[in-house]
Amino acid sequence: MAEKLNPGELFPNLTLHVVGGGEIELPAELDSSMTFVLFFRGHW
């Protein structure tokens, strides 16, 4: 199981595939220092 982020910790660098194609790099491509990120596990 992955470790949880604690208050004040930096978000790890991630490259994610987005719906419809392409990729986004987090947190490098975020427009704000305060952002919600929602991960949807999809259908199993």
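Looking at the chain, the GluC sites (Glu not before Pro) that sit in a DSSP loop and have at most 12 other Cβ atoms within 10 Å of their own Cβ are E3, E9, E29. Using C-alpha pairs under 8 Å with a sequence gap of at least 6, the mean separation divided by the residue count of the chain gives a relative contact order of 24 percent.
In the chain, the ratio of gyration radius to Kirkwood radius, Rg to Rh, stands at 0.97 when only Cα atoms are counted.
None of the figures in this text is laboratory data; all of them are computed from the coordinates on show. Worth saying up front: this structure is predicted, and the values here are computed from it rather than measured. With ideal geometry, Cβ positions are generated from the backbone for all residues, glycine too; neighbour counts draw on all protein chains shown.
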